[in-house]
Structure formats: structure tokens, C-alpha cells
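Enquirer: My questions all concern the structure below.
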Amino acid sequence: MTDDALNSTALVKQLQSASGVLLRGCGSATPARSISNDELGKRVETNDAWIRSRTGISARRVVGSEESLAELSGLAAERALAMADWQADSLDLIVLATSTPDDLFGSAPRLQARIGAVNAAAFDLTAACSGFLFGLVTAAQYIRSGAMRRILVVGADQLSRWVDWDDRRSCVLFGDAAGALLLEASDNGQDDLEGFLLRSDGSRGEVLQLPQVNERRALIGGASHQCGGFEPIQMNGQEVYKFAVREVPAILDSLLRATSTNTDSIDWLLLHQANQRILDAVAERFSMPNDKVLSNLAAYGNTSAATIALMLDEAVRDGRIQTGHRIASSGFGAGLSWGAALLRWSGPA
Ligand code: UT7
């Protein structure tokens with residue numbers, strides 16, 4: 001038999017042993033430098049009281065000259081591997097959810113090399129602030145199909161590169177961070193991804209975008225080429241807010257109904273950390289008491305694809321999220337894209 005034929009036989013065998021997904025470990029990393037609302041007030045016309053009352057944010061972290069997105073992603077991944085007590089070479093796949101790669105061809109392979117995951121394929125996935133949730137669901141399908149057993153999902157963004165730091169309507173919101181989650185095939189039928197729904201609506205995409213620069217240069221013989229590069233983030237805050245408070249409760253409601261889940265059985269609501277008012281509005285819709293709503297955006301702001309994994313890691317490490325806890329999660333943002341997942345935390349074997 002040729003090598004190719006052998007490989008496909010192995011793949012068919014694996015695909016026959018489809019399995020559930022276990023959430024095994026998590027990790028996160030944030031830049032050292034924290035910038036307070038008062039400090040931002042020295043750059044743009046804003047103040048701590050306005051930012052806190054409209055967003056719940058007190059500070060955000062920004063990648064400094066000695067740091068990088070690759071380094072944050074690597075640290076988050078290594079912390080997750082340490083929690084699960086896995087070697088990096090046991091990973092089959094790395095999915096890096098980011099809208100701000102160091103390299104437009106993809107940063108996941110650099111992350112793979114950095115942590116020594118020599119047996120893992122690696123690719124980037126872009127779905128803005130929904131990226132981590134989309135990445136988690138994507139990764140889970142490789143496991144459910146039986147094709148792979150161990151996968152690292154990282155949500156990481158360095159939006160400080162693309163924020164207009166002179167636009168007070170948006171710059172107060174964003175920060176940089178990375179969060180990681182490890183998925184493993186289960187051999188006993190348990191599935192920690194109990195259900196999910198994903199949605200996109202590109203027709204509303206203009207309310208939050210990071211568009212290409214609109215510049216062409218002469219090439220040759222009358223032909224021209226478009227220049228590479230991006231404009232800073234453009235956001236219609238009120239429209240994004242309305243989108244979030246309408247779509248997030250709706251998709252969570254659909255998911256809970258589709259999985260016959262009663263809100264009383266949910267231990268934690270883990271939403272993309274965009275704005276405390278959005279978190280409060282969604283919690284109220286589901287009559288979730290405040291102490292079941294995870295929130296750390298006061299310290300970090302909106303870290304885009306990182307928020308859900310960053311919050312998960314904090315709550316696992318401080319003991320709030322425990323083995324067997326059920327988590328209703330929702331990511332939402334540019335695209336527009338949004339999604340919801342019903343998760344169970346297994347933790348290390
Ligand atoms: O992952 C998704 C990312 N995006 C989001 O989550 C954005 C969702 N939207 C929001 O969080 C809110 O819309 C914002 C926090 C961005 C803005 O809050 P808002 O209550 O919608 O304020 P607004 O845009 O209606 O502005 C109210 C006023 C305006 O002044 P006038 O026109 O009433 O005189 C703004 O110019 O507040 C002013 N303003 C500010 N004042 C002080 C806007 N930004 C600031 C600021 N500091 N940073």
C-alpha cells in the first residue's frame with residue numbers, strides 16, 4: 001500500500017470513532033502596562049466618570065515595546081498546557097482567533113513554533129470579537145469527527161494597533177490580551193460543548209469595521225494597484241450597542257430552548273466583555289443574578305477575541321468556575337457576527 005493509502009485508511013478508522021469534546025485547561029496573558037481612564041483623559045476629551053458610567057471600564061492594557069501579540073498568545077497557551085499537564089507536542093491542531101495578526105498570512109504557525117507544538121497544524125480564524133467562540137466551535141468539530149484528539153484554541157487581539165487614539169467615542173473601549181483553551185476528545189461520550197449557534201450578517205457590517213486604506217498607485221501602462229494597509233477602527237457605537245442587546249439575548253434564548261436548558265441550571269453567564277451595560281441588559285433578560293454574571297472588563301476593557309477566554313481563565317483560577325459547572329456563553333461583534341455556546345467545564349484529567 002502507498003503511504004497515501006495508508007494515511008487515508010488511518011483517517012477513516014479515526015473518523016469512525018467520533019467523540020465528544022472535553023474542556024481541559026485554560027490560560028491567559030495581558031500586557032504589563034495598564035492605562036487608567038484618568039490617563040486617557042490627558043489624551044482625549046473624556047473623563048473617568050463618563051467612561052465608567054457608560055461602559056464599566058476603568059482601565060485597559062496596551063502591548064508595550066518589549067511585548068507582542070505572539071508573546072501574549074504563547075504565554076496564554078503555555079499556562080493552559082501547564083494547567084492540563086500536557087506536552088505541547090501532544091497537540092494536533094492550533095486555532096488562533098485574531099483580527100490583528102502579526103502577519104496577514106497568519107500568525108498561528110508562529111505560535112505553533114513558539115510553544116514547540118511540532119505535531120500540530122495551525123491556522124488563523126477571523127471573526128472579530130466572536131472569534132474565540134467561532135474558533136472553539138470550529139475546533140470542536142475536528143474532535144467530534146474523530147479526526148483529532150487535542151486542540152489549542154487561542155483568542156488574541158492587539159487592537160491598540162488599530163484604535164484611533166484621538167477618537168474618544170471608540171478609544172476608551174479597547175485593550176490587548178490573549179486567552180487560551182485546550183480541548184480533548186472524550187472516550188466516554190461526555191461532551192462539554194452541549195450546544196451552539198453561530199450567526200453572521202454582513203449587510204450590517206459597516207457599523208463596526210477596520211477597512212483597507214482606499215489608495216491606489218500607478219503600476220505600469222495605465223494599470224494601478226491598491227495599496228495595502230488599514231484605516232483605524234470605525235464604529236457607530238449606538239448601532240453596535242443596539243445590535244448586541246437585541247441579538248445576544250435572542251441567540252441565547254434560541255440555544256437554551258434548542259437544548260431544553262432551564263436558566264436555573266446555568267452556573268455562569270460568560271459574555272464577550274464589551275460593555276457592562278450590555279452584560280447587565282442580557283442578565284436582566286434571563287433573570288440572572290449579578291453574582292452569576294462573569295465580568296472583568298473594568299480592568300481590561302474590550303480585548304476583542306480574547307475576552308471570553310481571559311474571563312474564563314480568571315474564574316477557573318480563582319475557583320468560581322468548578323468542575324461540572326455549566327456556562328452559557330455568547331460572543332458578538334464586527335462582521336457583524338455573533339454566536340452562543342452552552343459549555344461544561346471539565347478541567348484537567
Ligand atoms: O465588541 C463590540 C465593540 N463595540 C461596542 O461594544 C460598542 C457598543 N456601544 C457602546 O458601548 C456605547 O455606544 C458607547 C460607550 C461607545 C457610547 O455610549 P453612548 O451612551 O451610546 O454614547 P453616545 O455615543 O450616544 O454619546 C453621548 C455623548 C455625546 O455627546 P453629545 O453629542 O450628547 O454632546 C458624545 O460626543 O457622549 C459623548 N461622548 C463622550 N464623552 C466623554 C462620546 N464618547 C465620549 C467619551 N467621553 N469617551
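Enquirer: Could you give log10 I(q)/I(0) at q = 0.22, 0.25 Å⁻¹ for segment 59-117, computed by the Debye formula over C-alpha point scatterers of equal weight, without solvent?
Expert: Evaluating at q = 0.22, 0.25 Å⁻¹ gives log10 I(q)/I(0) of -0.93, -1.10.
Enquirer: Specify which residue in the list Q212, L271, W86 is farthest towards the positive end of the charge dipole of the chain, using unit charges on the beta carbon of Lys, Arg (+1) and Asp, Glu (-1), about the Cα centre.
Expert: Selected residue: L271.
Enquirer: Counting C-alpha atoms alone, how compact is segment 3-186: give Rg to one decimal and Dmax as a whole number, in angstrom.
Expert: 19.0, 66
Enquirer: Using helices alone, I'd like the mean residue ellipticity at 222 nm for the chain: each DSSP H run of four-plus residues gives -39500 (n - 2.57), total over residue count, nearest 500.
Expert: Details: 11 runs with 115 residues, N = 349.
It comes out at -10000 deg cm²/dmol, rounded to the nearest 500.
Enquirer: Along the positive direction of the dipole of segment 250-342 (beta-carbon charges: Lys, Arg +1; Asp, Glu -1; about the Cα centre), which of V282, I308, G339 reaches farthest?
Expert: The Cα lying farthest towards the positive end belongs to G339.
Enquirer: Additional query: Quick check for me: using +1 on Lys/Arg Cβ and -1 on Asp/Glu Cβ, what's the dipole size of the chain about its Cα centre, in debye to the nearest 20? Each step should come with its number before you reach the end.
Expert: On the way: 32 positive and 41 negative charges, 98 e Å.
Approximately 480 debye in magnitude.
Enquirer: If you put +1 on each Lys and Arg Cβ and -1 on each Asp and Glu Cβ, how big is the dipole of segment 203-348 around its Cα centre, in Debye rounded to 20? Provide the component values of the computation, followed by the final result.
Expert: Numbers: 13 positive and 14 negative charges, 50 e Å.
The calculation lands at about 240 debye.
Enquirer: Quick check for me: using +1 on Lys/Arg Cβ and -1 on Asp/Glu Cβ, what's the dipole size of segment 3-186 about its Cα centre, in debye to the nearest 20?
Expert: Computed about the Cα centre, the dipole is about 520 debye.
Enquirer: I'd like to verify something in the chain: which complete DSSP H helices, judged by Cα projection on the helix axis, reach 27 Å or more and average at least -1.0 on the Kyte-Doolittle scale?
Expert: Qualifying helices, which must be both long enough and hydrophobic enough, are 237-258.
Enquirer: Here is a further query. Which one of I51, I151, I220 has the biggest mean-square fluctuation once the chain is modelled by GNM with Cα springs under 10 Å?
Expert: Its mean-square fluctuation being the largest, the pick is I220.
Enquirer: Then there's this: Mind listing P(r) for the chain? All alpha-carbon pairs, 10 Å bins, whole percents.
Expert: 6, 25, 34, 23, 9, 3, 0, 0
Enquirer: Using the 10 angstrom Cβ neighbour count as an exposure proxy, how do S265, S160, S260 rank, fewest first? Let's see the in-between values first.
Expert: On the way: S265 10, S160 21, S260 7.
Arranged by neighbour count, lowest to highest, S265, S160, S260 become S260, S265, S160.
Enquirer: What shape does segment 255-349 have by the C-alpha gyration tensor, where a ≥ b ≥ c are the square roots of the eigenvalues, rounded means a/c under 1.5, and otherwise prolate means a/b greater than b/c and oblate the rest? Before the final figure, lay out the partial values.
Expert: Details: a/c = 1.40, a/b = 1.10, b/c = 1.27.
Rounded.
Quick note: the coordinates plus some simple rules give every number you see, no bench work behind them. All figures in this text were calculated on a predicted structure; none of them were measured in a lab. Neighbour counts are summed over all protein chains in view; Cβ atoms, including those assigned to glycine, are modelled from backbone coordinates with ideal geometry.
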